[in-house]
2 protein chains.
Amino acid sequence: MPVTIKDIAKRTGKSITTVSRALHGYDDVSPETREMIVRTAEEMGYTPNLLAQRLQKQRTDTLGFILPTFGPRFSDPFFSEFLAGIGNTAGEYGYDLLVSTQPPGEKELEIYRKKVMGRQVDGFIVVRTRCHDPRIQLLREMGTPFVAFGRTEDDLDYPFVDEDGAAGMSMLVEHLLKLGHRRIAYISPPLEYTFARDRLRGVQETLTAAGLALPEDYLVFGDLTQRSGLAEAARLLNLPEPPTAIIAGNDLMAFGAMSAVQQRGMQVGRDIAVAGFDDTPMAETAHPPLTTVHQPIYKIGRMITEMLIKIIQGEPLESTQIILKPQLIVRQSCGE
Amino acid sequence: MPVTIKDIAKRTGKSITTVSRALHGYDDVSPETREMIVRTAEEMGYTPNLLAQRLQKQRTDTLGFILPTFGPRFSDPFFSEFLAGIGNTAGEYGYDLLVSTQPPGEKELEIYRKKVMGRQVDGFIVVRTRCHDPRIQLLREMGTPFVAFGRTEDDLDYPFVDEDGAAGMSMLVEHLLKLGHRRIAYISPPLEYTFARDRLRGVQETLTAAGLALPEDYLVFGDLTQRSGLAEAARLLNLPEPPTAIIAGNDLMAFGAMSAVQQRGMQVGRDIAVAGFDDTPMAETAHPPLTTVHQPIYKIGRMITEMLIKIIQGEPLESTQIILKPQLIVRQSCGE
DNA sequence: GAGGACGGCCAAAACGTTTTGGGAGATAAT
DNA sequence: ATTATCTCCCAAAACGTTTTGGCCGTCCTC
């Protein structure tokens, strides 16, 4: 039903070859013929069949991205922003984006394999790397181009962009120390994520350097959601000697922690300090506005996508392993 | 480089046809040959080339979804949840999901057209319909299967799922009236969206029915972000006679409104009531927990995807236009 | 006027599948 | 012995492109 190149050939009386070449601006077709072909193609509403094009070209011009969803109430500002970054960039470069949703686990790898081996994508974007990330190992084995957001702890050589979470936490802890806090607790994301270890290390090292430590009961673990931030903060506040400052491993848990504080009638920023990590858009308009470490998620999405496209196209990269310096954003949630 | 069906044929000494048929379980190949072929295919690590398969089958098994992003700091829990719904469902049914990001406007329609005409997708999911939605008109014209989240005001016959926003707002307003509120303000999303008119109508009609009205200066407009909720609520609170209750057209703006209230040292739920719409996961853990109207976004994503797949596969639908009854979720942000 | 260069065009192969329409040989029915 | 019916298999066409290699004139050059 749709118009093919063959239809145009028939209509113009030219060969398929000539039509194809005319439409692609080759110079071995005369200007008049080209003009004529282009015009009829337009009239007939021709759009190339991308499947056929790709089969022939042996390239898909498609990037793969697997969204690690957790349960139905999946809602993380991190991902919408990141997705916007990679989506926009891919679009600008003429690439499509194939998105799958899959919680980490067994079937996850199967999807990666199938998309690659089925030649559905030219490359992958991997997000939220884990310490020993099977996805990275698989992609390396298969020789598929990919770029990751985050490092692993295996000493693998692969392209990534990451933010120096340890440095970020360090800045944050120093800030709190300077404000006089001595009892600082930390709600950590699950340690299977590399960024979680990284951030925890930053907290611990900075405290140690200051002659303090992170006591065992001041280190609790959440699952990155607001709900768990609330629950864990509540536990911290119930301690016989509760902390005067709570750092959360991401903004979402920090918001939860703020709610926990407020639920007991205390005031965030005055009675107790709360800080996050990520600087999601909500951090600015929360009450009180959240002190946090900025992570340019959108920009990282763009960078990763551009790197991946360059790799796919065989262009050289200036640097394949980029670690961004974090930036501390001081707002009111830790007081003055 | 990758293994093709031809390689298997060569290795097994059978024809391409037989290999293909064996792998698809046709019964005109003997059990022994089939077994042998399947085994070697596995040994050789064969994965069918989906491009070729699709070109031949004239189906893509892919659904299209265009994420309407607004600027780099795009972050809306609505979309992550919706995306999870459609992504999971598509995956279960063996469909891929092709996601583009594109702000509404000129180029938007071009993308829809290209994906359809380029035979990249079998159908589309349209989200956040507008009153006169050019996307719907285009898709209808092209005869592409699609299902929308939301209605339009043109009287077009197309499949959709929507929630009865007017009824939801009605319940919310009644709740506030019952609590004694008489000065109720509304922060509306842009009226180009059908759901915005719907919700506004619900607010106005219910107030009118109660012998009240929505005065002009109590009706303000935000852009669905938390930031604009904060700004507009601030304007409302600056009025000579400020409202005692603020309803926001979505949760995100409600959170902003809550911040605005708290910034002036007032207490949400005691000094002033704030309510939202959507019941995003954050509503539950905000402080105070937000009274809002529940919208089962994940489930709607699932429903829409299932409907679309049925349409594509030519199966009959029980109902093509579904309007869900909303549910009021009373929490503490409007007091007792 | 022979040789070469060039401009404009095209047939055919290729990409990796699935499907169509048989065909060969064995067994069963007449 | 002929015909019919299976069982197992295959060659070739098709899906819609791009690319390869070459062909046929015309125009120039010596």
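FYI, it's all coordinate maths here, none of it is from the lab. Source: prediction; values computed, not measured. As a convention, Cβ positions derive from the backbone with ideal geometry for all residues, glycine included, and neighbour counts pool all protein chains shown.
Order these peptides, B:162-175, B:98-111, by their mean beta-carbon neighbour count within 10 angstrom, highest first. Don't skip to the answer; put the middle values down first.
Numbers: B:162-175: 22.1, B:98-111: 16.4.
So the order, starting with the most tightly packed, is B:162-175, B:98-111.
Considering only DSSP beta bridges with both partners in chain A, what is the antiparallel share in %, to the nearest 5? Present the calculation step by step, with values, prior to reporting the outcome.
Details: 4 of 36 bridges.
The antiparallel proportion sits near 10 percent.
Whole Å is fine, so just give me how far the alpha carbon centre of segment B:1-41 lies from that of segment B:87-164.
Computed from Cα coordinates, the inter-centre distance equals 39 Å.
Can you give the FRET efficiency to the nearest 0.05 for A:Ser30 and A:Leu317, using r as the Cβ-Cβ distance and R₀ = 35 Å?
Values: r = 42 Å, r/R0 = 1.19.
Approximately 0.25, to the nearest 0.05.
Do the sum for chain A: with -39,500 (n - 2.57) for every DSSP H run of n ≥ 4, divided by all residues, what is the mean residue ellipticity at 222 nm, to the nearest 500 deg cm²/dmol? Write down the numbers at each step before the final one.
Working: 13 runs with 150 residues, N = 336.
Here the helix-only value at 222 nm equals -13500 deg cm²/dmol.
Along the positive direction of the dipole of the protein assembly as shown (beta-carbon charges: Lys, Arg +1; Asp, Glu -1; about the Cα centre), which of B:Leu212, A:Pro326, A:Leu219 reaches farthest?
The residue sitting most towards the positive pole is A:Pro326.
Once amide H atoms are built 1.01 Å from N in the peptide plane, which residues 5 or more positions from B:Thr47, or in another chain, come under 5 Å H to H?
B:Val3
Using the structure shown, select from B:Lys57/B:Lys310; A:Lys114/A:Lys325; A:Lys14/B:Lys114 the pairs with a Cα to Cα distance greater than 27 angstrom. Can you show the working numbers first?
Details: B:Lys57/B:Lys310 18 Å; A:Lys114/A:Lys325 36 Å; A:Lys14/B:Lys114 25 Å.
Flagged as over cut-off: A:Lys114/A:Lys325.
Of B:Ser100, B:Gly85, B:Leu236, which is farthest along the charge dipole of chain B in the positive direction, counting Lys and Arg as +1 and Asp and Glu as -1 at C-beta?
My answer, from the dipole projection, is B:Ser100.
Pick out, from B:Thr4, B:Thr18, B:Phe160, the residue whose Cα sits farthest towards the positive end of the charge dipole of the protein assembly as shown, with +1 on the Cβ of Lys and Arg and -1 on the Cβ of Asp and Glu.
My answer, from the dipole projection, is B:Thr18.
Let me spell out the model: positive unit charges on the Cβ of Lys and Arg, negative unit charges on the Cβ of Asp and Glu, origin at the Cα centre of segment B:121-200. What dipole size does that give, in debye rounded to 20? Don't jump to the answer; show the numbers that get you there.
On the way: 10 positive and 13 negative charges, 115 e Å.
So the dipole magnitude of segment B:121-200 works out to roughly 560 debye.
Taking a point 7 Å out from Cα toward Cβ as the label site, list the nm distances between A:Pro190 and the same residue in every other copy, smallest first.
Inter-copy label distances (nm, one decimal, shortest first): 3.8.
Can you list, shortest first and in nm, the gaps between the label point of A:Cys131 and those of its counterparts in the other copies, using a point 7 Å from Cα in the C-beta direction?
5.7
Given points 7 Å out from each Cα along the Cα-Cβ axis, report the B:Leu156 to A:Leu156 separation in nanometres with one decimal.
4.6 nm
Restricting the calculation to Cα positions, tell me the Rg (one decimal) and the Dmax (whole number) of segment A:165-295 in Å.
12.9, 35
Given charges of +1 on the Cβ of Lys and Arg and -1 on the Cβ of Asp and Glu, with all other atoms neutral, how large is the dipole of segment A:194-336 about its Cα centre, in debye to the nearest 20? Intermediate values should be presented prior to the final figure.
Numbers: 12 positive and 16 negative charges, 28 e Å.
Dipole of segment A:194-336, to the nearest 20 debye: 140 debye.
Can you tell me how chain B classifies by the Cα gyration tensor, rounded, prolate or oblate, using a/c under 1.5 as the rounded cut?
Since a/c reaches 1.5 and a/b is larger than b/c, the shape of chain B is classed as prolate.
At 25 °C and 0.890 mPa s, what whole-number value in µm²/s does Stokes-Einstein give for the translational diffusion of the protein assembly as shown, with Rh from the Kirkwood sum over Cα pairs? Please list the in-between numbers first.
Working: Rh = 27.3 Å.
Translational diffusion coefficient: 90 µm²/s.
When only DSSP loop residues count, what trypsin sites (Lys or Arg not before Pro) in segment B:216-322 have their Cβ near at most 16 other Cβ atoms within 10 Å?
Details: sites: B:Arg227, B:Arg235, B:Arg264, B:Arg270, B:Lys299, B:Arg302, B:Lys310; in loops: B:Arg264, B:Arg270.
Within segment B:216-322, the qualifying trypsin sites (Lys or Arg not before Pro) (loop, at most 16 other Cβ atoms within 10 Å) are B:Arg264, B:Arg270.
Which value in nm describes the separation of the simple spin-label points at B:Lys57 and B:His132, placed 7 Å from the Cα toward the beta carbon?
4.1 nm
Order of B:His132, A:His294, A:His287 from fewest to most other C-beta atoms within 10 Å? Present the calculation step by step, with values, prior to reporting the outcome.
Details: B:His132 13, A:His294 17, A:His287 23.
With the fewest neighbours first, B:His132, A:His294, A:His287 line up as B:His132, A:His294, A:His287.
With charges only on Cβ, +1 for K and R and -1 for D and E, what is the dipole size of segment A:5-48 about its Cα centre, in debye, rounded to 20? Present the calculation step by step, with values, prior to reporting the outcome.
Details: 7 positive and 7 negative charges, 42 e Å.
The dipole of segment A:5-48 has a size of about 200 debye.
Which of the helices in chain B, when you take each full DSSP H run, stretch at least 15 Å along the axis at their Cα atoms and have an average Kyte-Doolittle score of -1.0 or higher? It would help to have the intermediate numbers written out before the result.
Numbers: long enough: B:31-44 (20 Å, -0.84); B:77-92 (23 Å, 0.34); B:106-117 (18 Å, -1.13); B:165-178 (20 Å, 0.77); B:194-209 (22 Å, -0.52); B:226-237 (16 Å, -0.03); B:251-263 (18 Å, 0.64); B:297-312 (22 Å, 1.02).
Length and hydropathy pass: B:31-44, B:77-92, B:165-178, B:194-209, B:226-237, B:251-263, B:297-312.
How are the alpha carbon pair distances in segment A:53-112 distributed across 10 Å bins from zero to the largest one, expressed in percent?
Result, from short to long distances: 20, 42, 30, 8, 0 percent.
Modelling each spin label as a point 7 Å along the Cα-to-Cβ direction, I'd like the B:Gln267/B:Met44 distance in nm, to one decimal.
7.5 nm
Taking H as built 1.01 Å from N, whose amide H comes closer than 5 Å to the amide H of A:Val293, not counting residues under 5 places away?
A:Gly276, A:Phe277, A:Asp278, A:Asp279, A:Ile329
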